[in-house]
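Report on the structure given below.
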Amino acid sequence: MSKKVSKPRSISRRRLLATAGAALAASPLGVDLLQAQQAPIRIGMSMPQTGGLAGGGKASLLGIEIWRDDVNAKGGLLGGRKVELVVYDDKSSAAETPAIYSKLIDVDKVDLLFAPYATVPTAPIMPMVKQRGLLLIGNFSFQVNSKIGHDMWFNNAPWGPPDSWAASFLDIGQKAGGKSMALLTADQEFAQNLAKTAREVAAKRTLPIVFDQAYPPNTVEFSSIIRALKATKPDIVYVASYPPDSAGILRAVNEIGVGDSVKVFGGGMVGLQFGAVMENMGSLLNGVVNYNSWLPEKSMYFEGTKEFFDKYTKRAVEAKVDPLGYYLAPFGYASGQLIEQAIKKVGSLDQKALAKYLRENTHNTIVGAIAFSPDGERKETAVLQAQFRGVVDKNMEQFRSSGKQVILFPENLKSGELVAPFEAARK
Amino acid sequence: MFSLDLLLDAVVIGVLLGCFYGAVSLGLSVSFGLLDVPHVAHPAFLVLASYAVYFLNENYAVDPLVAGILITPVFFLFGLATYRLYYETFEKRGSDAGVRGIAFFFGVAFIIEVLIILQFGVDQRSVTADYIGKAWRLGDIRIPYRLLVAFAIATALTVLLTLYLSRTFMGRAIRAVAQDQEALRLMGTNPVKIKQWAFGIATAVLGIAGALLIIVAPVDPTLGRAYIGRTFCVVVMAGLGSMSGTLVAAIILGVAESIVLTMFGASWAPAISFAILLGILAVRPQGLFGRRP
């Protein structure tokens, strides 16, 4: 699927006529040059629009499309060249992306590349992009460049150093008086990566792990696991789960209880960032402290953030995507802003020069200032840890107001204090 | 860490979980156990029923259990139509229909999955009812009400199906067709019509089982895949075609899974369940309650 946007650049009529006349009078090469100047800047990408990652992929793409429309409304880049997106559906599959990116590079001959949403579809294109020396803006993948070491990779996600995710959660738990930890994780790569860093951080801090279990995919009933976890009386419960399990775990916690010893519960539960899942879980979410990327708290509004969400909210209805769109959409927009700022400063599409600019500078976006470390990830983590408060059942709109997810970390974005212990925070 | 309380709790939860597995496997026990139809789309039918229950609960605030009963006649008709299509296109045509039948039902399962995605999207869906999200305190043990509902429904369904198959004329005809189709034909009865009726019953049971599925946990369009192994495991372990055996086998599986999850570590749960199946089949190839061929 491809989408094209092109409008003539805005230069004076006299100058346009003069240029056109000169070009016509000149050789065919001159005509080609004129056409090249007016040609749009084409950004190619695959995006999961069907399959398991489709919910996130579509929201992310809508964010990028809003940026495209904004930048084109302002007259485009490089003296009037419009931006055009060339997008293919990768069906959430790692098997599809290498062929799609080969086509984007060799057949479509796009000017720049954006990565698809998520780790799995992105990982297989990394060697090819490195081999060809191409700039790639990453889209919420986790540690895909750690072994490849491509110096022209820039991830839009707020992850930062890999251990910061677990460290921030444990910080909150320890400050609340936590002296032991339980680890409940899905037996799946992403969750196990989180668990590994959590174990490392706990070992550094000599924080004893009293319960450490990985549950298999397709686990239906979590009552038994929660009862076993409760019996170990942990102070901090770090959960790294996937969407189907997150709901099952929280339901079992609500029924069985997790014990009065627990100060904080959550950390790495995937799914609790999406509107439909949050609406489904409703009051079960109360008290949970979990990661996120953007939330409607005062501290999270930067230049253009409000305008972006005004546009997103309207277009999300037509596009049938996450009505809230907090987790991915603004970061899709920020990807565009990164490349827009780089092109404006460099004044060309030279990929090496663009990469150098992105690496060496701090960039202001609608999700805050972004600076990259040599591995292309954020210099400092901006992953939020936030506590759900006062959530009621079956109400999507409540999540648009501040105070439903109070930011506890990072310090500069904090919007409230932890309510502990967990059982008290659930009420 | 061993504790008697934990073990007791694991057994109680395991029995209830087993009843849930039994309820979602009973339909397959009829279609696969009695009729020899390789119904791998059974879990997809189950998920479809869950979405129908979700639709009624979300839009008309119908209690999930009532919604399950309401959709039962529709699923009965759906079962009749599915079997007729399967019979005309596959079963009628030869001895290798079994293998091709699997392809047919896989196809049906994928179509159902895609239709659900088109209609409801890829997100998880759940229902609301007073008995979801609360637990009953029994001393130190807390038992989720939704699992008690599963226990009651599974017991009722097993009793009803057992009585139907043993006491009614049509029920006995279904058992007869399972034993010897040719003998039935010689007596002037059309076995295809009886099998179609039985397949309708098997699918109708899924209406209420689908309600249980979404009561116990949220559903998503691909959830059926997770139940293919479990439901076939229960039916084969029970011995093909035994309703009470299906419930007992499911309880064994549920208790084993629950004890392993609680006492030995969650990663081992699926391996232990299927090891039990292999162990039972090694000792009794016809399953726990199956008759010797």
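Assorted remarks:
- Remark on A:G325: its backbone amide H falls under 5 Å from those of A:G275, a criterion applied only to residues 5 or more positions apart or on other chains, H modelled at 1.01 Å from N.
- The HN-Hα couplings worked out from phi for region B:151-158 by the Karplus form 6.51 cos²θ - 1.76 cosθ + 1.60 (θ = phi - 60°) are 4, 5, 5, 4, 5, 4, 4, 4 Hz, whole numbers, x standing for Gly and Pro.
- Cross-link reach list, aspartates and glutamates versus A:K352, counting only Cα pairs under 16 Å and skipping chain neighbours closer than eight places: A:D111, A:D151, A:E340, A:E360, A:D375
- Of the chymotrypsin sites (Phe, Trp or Tyr not before Pro) found in region B:191-293, no site is in coil according to DSSP while having at most 12 other Cβ atoms within 10 Å of its Cβ.
- Between region B:21-46 and region A:312-361, the Cα center-to-center distance that results, in Å: 50 Å
- Of A:G57, A:G79, A:G332, the residue with the greatest mean-square motion in the GNM of chain A, using alpha carbon springs below 10 Å, is A:G79.
- The alpha-carbon of B:K193 sits under 14 angstrom from the alpha-carbons of these aspartates and glutamates, leaving out residues fewer than 8 places away in its chain: B:E88, B:E91, B:E182.
- Net charge, B:S273 excluded, C-beta distance under 9 Å - Lys, Arg +1, Asp, Glu -1: 0
- Dipole magnitude (debye, nearest 20) for chain B, charges at Cβ of Lys, Arg, Asp, Glu: 800 debye
- Note that region A:407-412 has calculated 3J(HN,Hα) couplings of 7, 9, 8, x, 4, 6 Hz, one per residue in order, obtained from phi through the Karplus relation 6.51 cos²θ - 1.76 cosθ + 1.60 (θ = phi - 60°); glycine and proline are x.
- Whole-number D in µm² s⁻¹ for region B:67-184, Kirkwood Cα-pair radius fed into Stokes-Einstein, 20 °C, 1.002 mPa s: 115 µm²/s
- Cβ-based net charge around A:E397, under 11 Å, with every Lys or Arg adding one and every Asp or Glu removing one: +2
- Between amide H atoms placed 1.01 Å from N, distances below 5 Å from B:I141 occur with no residue 5 or more places distant or on a separate chain.
- Relative exposure of A:D90, B:D180, judged by other C-beta atoms within 10 Å (fewest first): B:D180, A:D90
- In summary, the aspartates and glutamates within cross-link reach of A:K196, defined as a Cα separation below 15 angstrom excluding same-chain residues under 8 places away, comprise A:D163, A:D187, A:D212.
- Tail fraction, Cα-Cα pairs, region B:1-62, threshold 17 Å, whole percent: 61 percent
- Here is the P(r) of chain A: all C-alpha pair distances, binned every 20 Å from 0, give 25, 53, 18, 4, 0 in whole percents.
- Derived scalar couplings ³J(HN,Hα) [region A:102-117; Karplus, 6.51 cos²θ - 1.76 cosθ + 1.60; whole Hz; x for Gly, Pro]: 4, 5, 4, 7, 8, 9, 6, 6, 5, 7, 9, 10, 10, 7, x, 5
- Pairwise centroid distance, computed over Cα atoms, of region B:155-196 with region A:139-171, Å: 61 Å
- Using the rule -39500 (n - 2.57) for each DSSP H run of four or more residues, divided by the residues of chain A, the 222 nm mean residue ellipticity is -12000 deg cm²/dmol.
- In summary, the convex hull built on the alpha carbon positions of the protein assembly as shown has an orientation-averaged projected area of 36.0 nm².
- Residues whose amide H falls under 5 Å from that of A:T365, counting only those 5 or more places apart or on a different chain, are A:I370, with hydrogens built in the peptide plane.
- Over all other residues within a Cβ to Cβ distance under 13 Å of A:S299, the charged ones net out to 0, with Lys and Arg as +1 and Asp and Glu as -1.
- Exposed loop sites, defined as trypsin sites (Lys or Arg not before Pro) outside DSSP H, G, I, E and B with at most 15 other Cβ atoms within 10 Å, are absent from the longest region of chain B, namely B:135-290.
- Per-residue average of Cβ from other chains inside 10 Å of B:265-271: 5
- Against the compact-protein benchmark of 2.2 N^0.38 Å, the Cα-based radius of gyration of region B:138-293 scales to 1.19.
- Expected-Rg normalisation [2.2 N^0.38 Å, Cα atoms] applied to region B:23-130: 1.17
Readers should treat all values here as calculations from the given coordinates under stated rules, not as data from a laboratory. Predicted, not measured: the structure shown is a model, and the values here were computed from it. Cβ sites come from the backbone with ideal geometry, for glycine too, and all protein chains shown count toward neighbours.
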